[in-house]
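The values are calculated or read from the model by the stated rules, or taken from the named source; none is laboratory data. Please read all numbers here as calculations on a predicted model, not as lab measurements. Here the Cβ is made from the backbone with ideal geometry for all residues, glycine too, and neighbour counts use every protein chain on show. Note: areas computed on protein heavy atoms with side chains; ligands, DNA, RNA excluded. Shrake-Rupley method; radii C 1.70, N 1.55, O 1.52, S 1.80 Å.
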Amino acid sequence: MAIPPEINGPRGAIRLDGIGKAFGETRALSGVSLHAPAGSFLVLLGPSGCGKSTLLRVIAGLEAPTEGRLFLDGRDVTGLPPAARGISMVFQSYALFPHLSVAENIVFGLRARAVPRAEREARLDRTATMLGLEKLLHRRPSQLSGGQQQRVALARAVVAEAPICLMDEPLSNLDAKLRAEMRREIRALQQRLGITMVYVTHDQAEAMSMADQVVLLREGRIEQDATPANLYANPASVFAASFIGTPPMSLLRLVPGGDGAIIAGAPDLRVAPGSAAGALLGVRPEEVTLADEGGLPATLLDSEFLGAETVMTCAIGDAGEKLAARVQGNHALPAGTRLRLKLPPSLHLFEANTGLRRAAA
Ligand code: ATP
């Protein structure tokens, strides 16, 4: 398929400079600065209420920021209306018109903008082929499955051929299998079109698998802005560490031992240098292994068999510290089973009072 030259160029860079947004007393965003290069896939990730949708709506021009500026391709668009920004959008609710056919739904925006009929049809053709909707163009939305409706909503954004596409939790109405499929499709589509994507989700797996860059938000502020690999390997804080991973990183209190830092309440087995005492130790469950002898004594609290792996939640010592291990195979053992666990050599240390990552010990 020929990609129109105007969306194949380097257009679509987004820069936010100190964006803030207040709704009366409620502060939804504070000091948000970020840069998404043209053609990149940026995910806004965070728990419910952290400001993801508000930030997306500020980029779209549907909300005016109370502070800060927004630049698209270096141009200050802070005061421009949505239609002047070269942006398409896909919402969580597909918002398809029930009385219009799939084809009419897809070209609705083009009609509204008085795009000539021949061009409308050419774009519809290209888009329908790209999204595998050719055979469904005459149906009404009610005659489509959820996945097909989602594809029509995507088509409606793609047909606009805008250099930037914004998506707000577009897959949350689909079942898990379809979600995984659509995730791959959206990523492939974004790369094929060379557009800049800003994608809102609270699902870390979605963020990690799709993004070039993840912006993790917490209470309206950026907690960490990093590649998925870096976010996983070097979480900047306890919040970031416990948001990423299935299950997320375990966090254990360290106290001084005879020969270095040990886990609070556990036998005197050194797990980190003495300088780490007082900090929190972060351990990725997939890096913990079962040991025959030696290793850290643990008591199994709960095990969850997932098919290829088992997630084992264990108590370490007698001061309430818990460690999760994600191990290959079926280890559905009864609660109370005594185990020995081996911790990974790489350490994640966080300050107990601020939750911030400590420089490598
Ligand atoms: P979710 O994942 O639940 O959709 P979110 O991260 O997208 O959450 P936002 O919808 O951006 O969060 O909301 C951020 C904060 O701003 C919340 O405290 C919310 O209640 C508040 N908020 C959002 N829109 C408005 C509004 N129009 N009026 C008042 N408060 C609002």
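By the gyration tensor of its Cα atoms, with a ≥ b ≥ c the square roots of the eigenvalues, what is the shape of the chain: rounded for a/c under 1.5, prolate for a/b over b/c, or oblate?
Numbers: a/c = 2.98, a/b = 1.88, b/c = 1.58.
Prolate, because a/c is 1.5 or more and a/b exceeds b/c.
Between Ala180 and Ala64, the simple label model (points 7 Å from Cα in the Cβ direction) yields a spacing of 4.7 nm. Distance between the 7 Å Cα→Cβ label points at Arg340 and Ala118: 8.0 nm. When a 1.4 Å probe is rolled over the protein heavy atoms, the share of accessible surface on the chain that falls to carbon and sulfur comes to 52 percent.
Add -39500 (n - 2.57) for each DSSP H run of 4 or more in the chain, then divide by its residues: what number comes out at 222 nm, to the nearest 500 deg cm²/dmol?
Values: 9 runs with 88 residues, N = 361.
After summing the helix terms and dividing by residue count, I get -7000 deg cm²/dmol.
Potential lengthening of the chain between Glu293 and Phe23 amounts to 91.4 nm, from the contour at 0.36 nm per residue minus the alpha-carbon distance. Enter the angle in degrees (range 0 to 90, nearest 10) between the Cα long axis of helix 117-130 and the first principal axis of the Cα atoms of the chain, meaning the one along which they spread out most. On a 0 to 90 degree scale, this one is about 30.
Straight-line reach from Lys342: taking Cα to Cα under 24 Å and skipping same-chain neighbours fewer than 8 places apart, the lysines in range are Lys322.
Taking the C-alpha atoms only, the angle from helix 102-112 to the longest principal axis of the chain is near 70 degrees.
For the pair Lys322 and Ala95, what calculated FRET efficiency results from E = 1/(1 + (r/R0)^6), where r is the Cβ-Cβ distance and R0 = 45 Å, to the nearest 0.05? E between Ala95 and Lys322, to the nearest 0.05, is 0.55. Computed over protein heavy atoms with a 1.4 Å probe, the accessible surface of region 208-306 works out to 42 Å² per residue. For the chain, modelled as a Gaussian network with Cα springs under 10 Å, which listed residue fluctuates most, Leu341, Leu216, Leu231? Among Leu341, Leu216, Leu231, the largest mean-square fluctuation in the Gaussian network model of the chain belongs to Leu341.
What are the aspartates and glutamates whose alpha-carbon lies under 13 Å from the alpha-carbon of Lys52, with same-chain residues fewer than 8 places away excluded? Excluding near neighbours in sequence, the set is Glu63, Asp168, Glu169, Asp203, Glu219, Glu223. In the chain, which longest range has no GluC sites (Glu not before Pro) that are both DSSP loop (not H, G, I, E or B) and surrounded by at most 13 other Cβ atoms within 10 Å? The segment 26-292 is the longest one with no such site. Here the 3J(HN,Hα) profile of region 259-274, calculated from phi with Karplus coefficients 6.51, -1.76 and 1.60 at θ = phi - 60°, is 10, x, 7, 10, 6, 3, x, 9, x, 6, 10, 4, 10, 7, x, x Hz, Gly and Pro shown as x.
How much length, in nm to one decimal, is gained on full extension between Arg111 and Thr246, taken as 0.36 nm per residue of separation minus their Cα-Cα distance? Mind dumping the intermediate values first?
Values: separation 135, 0.36 × 135 = 48.60 nm, distance 4.52 nm.
Extra length from Arg111 to Thr246 when fully extended: 44.1 nm.
Is region 208-361 rounded, prolate or oblate when judged by the Cα gyration tensor, a ≥ b ≥ c being the square roots of its eigenvalues, rounded requiring a/c under 1.5 and prolate requiring a/b larger than b/c? It comes out oblate by the Cα gyration axes.
Each residue of region 285-301 is assigned a 3J(HN,Hα), and the resulting list reads x, 6, 9, 8, 10, 7, 10, 6, 9, x, x, 8, x, 9, 10, 5, 9 Hz, derived from the Karplus form 6.51 cos²θ - 1.76 cosθ + 1.60 (θ = phi - 60°), x at Gly and Pro. Summing +1 for each Lys or Arg and -1 for each Asp or Glu among the other residues whose beta-carbon sits under 11 angstrom from that of Gly258 gives -1. At a probe radius of 1.4 angstrom, the accessible area of region 1-131 per residue rounds to 47 square angstrom.
Each residue, Ser275 and Asn230, gets one label point 7 Å from its Cα in the Cβ direction; the gap between the two is 2.4 nm. For the chain, the share of DSSP beta bridges that are antiparallel, to the nearest 5, is 75%.
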